[in-house]
Each structure stands twice: as structure tokens, then as C-alpha cells.
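Input: a single structure, listed below in C-alpha cells.
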Amino acid sequence: MNHITAATPSRNIDVIPVETARTLDGLFQERVRRTPHTTAYRDYDVSQEAWLDYTWDDMASAVKLWRTAFSRENLSPGDRVAIMVRNCPQWVMFEQAALGLGLVVVPLYIEDRAENAAWCLDNAGASLLLLENMARWEAFSQVAGQLGQLKRIVIMSTTSQDVHLTGHQRAIALRDWLPEKPENSPLAENQPDSLATIIYTSGTTGRPKGVMLSHHNILSNAHACAQIVTVTPDDILLSFLPLSHTFERTAGYYTPMLCGATIAYARSTRQLSEDLLIIRPTILISVPRIYERIYVGIQEKLAEGSAVARLLFKLAVDVGYSRFEYQQGRTGWRISHLLWPLLDRLIARKVMEKLGGRLWQVMSGGAALSPEVSHTFIALGLPILQGYGLTETSPVVCANRLNDNVPASVGKPIPGVEVKLGEQNALLIRGPNVMLGYWNNPEATSAILSADGWLDSGDTAQIDEQGRITITGRLKDIIVTSTGEKIPPADMEAAILHDPIFEQVMIIGEGRSYLSALVVLSKHGWEVVATHCNTKNDPHALAYDEYAEEIILEKIARQISGFPGYAKVHRALLIPEPWTVENEMLTPTLKLKRKNIYKHYQAEIDKLYVSH
């Protein structure tokens, strides 16, 4: 077994020590004490049509108001409170007020289906929920029977026309819930090992599991991140990954707080390109999908341009990547590097300007980044640092560094974290960042966490002599999309097969921005589709019929309506011939040979994702 521990000295300015902060609410209080008048957050106010700045002192005053409102709800330390709101300063106010009173925060994805979110709320036993707007409340009103444990529902964005709020005793507008003046609300005596949050993550059973993270789990992870990535009070981060995503919460919220940097909240993913030009961030934290979108845009523009433009772009990427390898100390200097000032001016700088022109550190995590995409951006001067982690590890386990960046790997372990290879080269992880366990699920906890603290990631890996980790596969059949969502395909496939028109189905989407389905129809299924398409029953012809695909997608959507919102199938590939043991698509026990199927239909699968 290969076994390593990593340590890297801190290079940051004004990083608050873990021992000083002790807890997440302690960290906030210490940051307010150290830099009360510097800008903590920047957010766009729709009513004023302007970007507003919040100092740490402003945030502290607001948190006192929120804490007073919480105190009036007769909640006790350890009670769970949930938030289903977009990224904004109010998200931080809610969490910091709750943590200060010893409450446990349950973050929910704002785009999640009400049914799924209601299950999580019920499982956590949440007493209070903060919702974004009336539309969310109306969606929840359809599953009101599952919300029996909720005593209070606070709705953030409401208007004077939302009079029907008064018909619900539990629901109240935020403006009415918050007091005019703060009262003295005694802070809870949180301990570092106290439970801070429960984060729900998809499991192989189809139902999410609640990952329990302590104050120290997250705080130690954020501090370790601050030791491998230089963050200063002069930096500004543009936040757009949901704060319900552990990667954003630790690396894009608590790490900047440790270091005193400013966080600007993007208005929406749709407006991201505009916000990059307005905010001009110096640091960006993202999942691969954002880089993939920009990359696709570049490729589409190149395809419309001249052959000379495409040639120049290729030359810039080739020379740029060669320079990167030279700067990393892996290759020698080449005479072609003399072309870089010209290529930088003509090509690279124009790409970087579209990202704001000031980015000097970019992190990618949550899913694997395509080598082609990372190669291109690194070549053009965007230093993407790929890392790896799990919700269960708060989440960062390892990451590349600016001066030690091997894009094909996920870098070395962060300080304080140990890794080793177990059976079948499974990556095992131990450290202060490893979760307390799964909420009310001791069986699932013992299945992943050993008695001596080693967590089984479920991923297979290689560890080289320098300690760099390369993820080589997955022991469990879990799809991780490029947005970082984890989806168990077997559960979705079983649900789809309830419709008799389907004979076989395989869900795909690993590293992609959305899910697709490879489907083999039953004899009856082909007849149904042919009838709908008003054409003859010829599977080989129907397989390429766009209307046939629409019919199939509609039927799939009906079968998987109970799954989370992000588990939507966007494209379908109809397969004319069934998968059998004889054609090596099935095992002798009739299980899908996923790798064989994927490889066999690789060309057709790639077409499903062209220009998307």
C-alpha cells in the first residue's frame, strides 16, 4: 500500500489560525474584529439596479438582527434550520446567525424539486426554512404533508401583493420576521467538534444521505486550502457555484473569510460572462462545466472564422503549453517561446480579457476536467488548478499548486490529510476534514468509514512517487456530471424500465454537462414509437428520427419525475439491436457491461453532446 502525508507552508497574509477561530461562527467574529471596515461582500440589488458593498461591520450588524429573529423562534442548540436561497449576503447572515446560536444548518439546492427537498427537510427534522421567493413556497405547498416538522417558513423576496401568505400560519415574509432592532441574544458555547451542518448528497439507493460536518471539519479544510492557494485581502472572488455545494462553501466562502478577501455574488449563470467583465475577479472557483462552456464558445467562433485564425489559435496553444511545461521545470526552453509576446497580444490576451483580465488563480473541482479544455486554458495563461474531494471530506482532499501543476492529476494531498490505496486501489482518506458520519444512518456510515478513521472514497487511484494522485475510475456506479452532481444510474434505469416500451437502458453523462440515455426498445415499444411517428416500424430508421427521440424523452421524464431536478435526461440514443451476452454487452448474469456499451457507441454518444 502506498501511503503519504502532505505539508506545505502558508504563504498568505492575515490568515486567521484555526486555534484562534475554533468554530465557524468564531471565525466570522474574528474577521469582523480584525478588518471591520473592509469590503466583505458585493451583491447586485435588483430594486436599486446597482452593486452594493457590505463591510464586515455591516455583516456583523445584520447577523445580530437575524440572531434575534432566530431567538424568538424558541429553538435550542442542535436544532436544524434549512436554507434554500441563491448565493447572496443574506445566505451568510442566515448561517452565521444560526451557527452563533448552536443551530445546525441544512443547505438545499435552490433548483431542486420540492419533493426531494421536502424529503431532506423531513429526514433532518428541520424546524425552520428560509425560501427564496413565493414561487418556491407555492411549489412546497404542493408537498405540505411532508413538512410536518417545520414550525416556520420564512420567504425572502415577497411583495405587498403576496397577501395569501397570511393564510399560512407557518409562513412569514422576511421583512416581517426580522426585528427592527437587535436584542442581546447570548451566543452558544460551540465546540470545534460540534455538528455545524448536514449536507445531503445522492447515494446509490436513490435517496440522499445527510453528511454531518463539524465546525472543525470545515474550518480545518478551509485553512488547509489557504495554505496551498495564495489568497490576500486584495483578492476578489466571483461566487456562482451554489453555496449548498460543499466546494463553494469551504473554498469560496470560508477560505476567503480566513484571509480577508472580498466575495462578489454573480447575478446568475446566464449573466456570468457579463459579471466577469464588471467584477473583474482575481480568483475563480468552479466546476468544469463553466470552463467547458467558454471553450465551446471559443471553438464555435473559430469554426466561423478564417483558416488563418484557427492556425494562429493552434500555434498560441502549442507555444503557450510548451512555455507552461518549461515554467514548471518539466521541459527545456524552446526557440518558439520567442513568439509568445506576439501570440499573447493577438490571441491569449483577448481570451483572458473576456474573463475580466485579472484572473491569476482558477480552481476546478467537483468533477473531472477534460484534458483538452485544461490544456487550452493553461496554454492561454489561465492557471487552472484541478483538485479532488467529496462532500464527506468537507470537501477538499488534494489539489495541484501553482508551482506544481500536473493537469492530468488532481495533485498532492492538502496539509493534514493522509491518503493510501486500499483493496482494488480504492483511495482511502483520513484527516480532520473527514465527516462525523451520515445523519441517522449508522449502516451507511460504517460501510464507508472504518473504526480507525479511514474513509473509502469509492474511487480508484494511482499515487506516484512524488505523492500526486490520479483518479483512475470508480468502484461504485455513480455518474459525476461536469457540474459536480452525483447521480446513481442504476436507480434511474430501474425506474425507466417500469414503462414496458423499454427493454434495456443505460444512463450516461460522466464528466458531461447533462445526462443522456442509451435505450433499447421492446418489440411493443418500437410499434408504439412507429405509430406516434406515423411511419413504418423500422428500428434502424426510427433510431435516427428526431420525433422518435422526443417521444422517448417524454416517456423517460415521466418515469424519473421523482428524482432530483438535476437528474434530468436531455438526450436519448435509440439502439436498434438488443444488448446480449453474445455481443458482449451483458455479463453472464445479464448486467450491463457499461464500458463495452459506451465504447461501442462512442461516436454516436459524442454527437449527443456536440455544441451543448
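Numbers at a glance
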{"read-out": "Tabulated pairs, region 172-195, first more than 16 Å from LEU75 (Cα to Cα), second acidic (Asp, Glu), C-beta under 8 angstrom, 6+ apart or interchain", "value": "ALA173/ASP162"}
{"read-out": "Whichever residue in region 153-201 is assigned to a loop (DSSP other than H, G, I, E, B) and among the β-branched types (Val, Ile, Thr) and, among such residues, is modelled with the lowest pLDDT", "value": "THR159"}
{"read-out": "Helices (runs of 4 or more DSSP H) wholly inside region 316-423 containing at least 2 residues that are among the aromatic types (Phe, Trp, Tyr)", "value": "none"}
{"read-out": "Top-ranked residue in region 268-308 [being among the small types (Gly, Ala, Ser) and touching a Leu at 6+ places or on another chain (Cβ under 9 Å); ranked as nearest to LEU355 (Cα to Cα)]", "value": "SER273"}
{"read-out": "Answer from GLU527, GLU577 - the residue that is surrounded by fewer than 20 Cβ atoms within 10 Å (Cβ to Cβ), out of contact with any helix residue (DSSP H, G or I) (no Cβ under 7 Å at 6 or more places or on another chain), without any contact (Cβ under 8 Å) to a residue 60 or more places away in the chain and part of a helix (DSSP H, G or I)", "value": "GLU527"}
{"read-out": "Matching residues in region 38-55 - criterion: being outside any strand (DSSP E or B) and more than 14 Å from TYR265 (Cα to Cα)", "value": "THR38, SER47, GLN48, GLU49"}
{"read-out": "Flag for HIS498 being in contact (Cβ under 8 Å) with a residue 12 or more places away in the chain, out of contact with any helix residue (DSSP H, G or I) (no Cβ under 8 Å at 6 or more places or on another chain) and not in a strand (DSSP E or B)", "value": "no"}
{"read-out": "Verdict on ASN441 being over 22 Å from SER409 (Cβ atoms), surrounded by fewer than 21 Cβ atoms within 10 Å (Cβ to Cβ) and either outside the structural domain of ASN221 (by TED's automatic domain parsing) or not acidic (Asp, Glu) (or both)", "value": "yes"}
{"read-out": "Condition met for SER394 (closer than 22 Å to TYR254 by Cβ and among the small types (Gly, Ala, Ser))", "value": "yes"}
{"read-out": "Cβ pairs under 6 Å, 6+ apart, first in region 258-270 and under 23 Å from THR230 (Cβ atoms), second of a type in the set (S, T, N, Q) and outside any loop (DSSP other than H, G, I, E, B)", "value": "THR262/THR39; ILE263/SER239; TYR265/SER239"}
{"read-out": "Selection within region 104-140 - without any contact (Cβ under 8 Å) to a residue 40 or more places away in the chain and either under 24 Å from ASN74 (Cα atoms) or buried (at least 18 other Cβ atoms within 10 Å of the Cβ) (or both)", "value": "ALA114, ALA117, ALA118, LEU121, ASP122, MET134, TRP137, PHE140"}
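Residue-wise test of (1) of a type in the set (Lys, Arg); (2) closer than 26 Å to TYR514 by Cβ; (3) not assigned by TED's automatic domain parsing to the domain that holds TYR200.
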{"position": "GLY357", "(1), (2), (3)": "no, no, no"}
{"position": "GLN361", "(1), (2), (3)": "no, no, no"}
{"position": "GLY366", "(1), (2), (3)": "no, yes, no"}
{"position": "PRO371", "(1), (2), (3)": "no, yes, no"}
{"position": "GLN386", "(1), (2), (3)": "no, yes, no"}
{"position": "GLY389", "(1), (2), (3)": "no, yes, no"}
{"position": "SER394", "(1), (2), (3)": "no, no, no"}
{"position": "ARG401", "(1), (2), (3)": "yes, no, no"}
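The values are calculated or read from the model by the stated rules, or taken from the named source; none is laboratory data. Computed from a prediction, not measured in an experiment: that's the story for all the values here. A quick note on method: Cβ atoms are made from the backbone with ideal geometry, for glycine too, and the neighbour counts reach across all protein chains shown.
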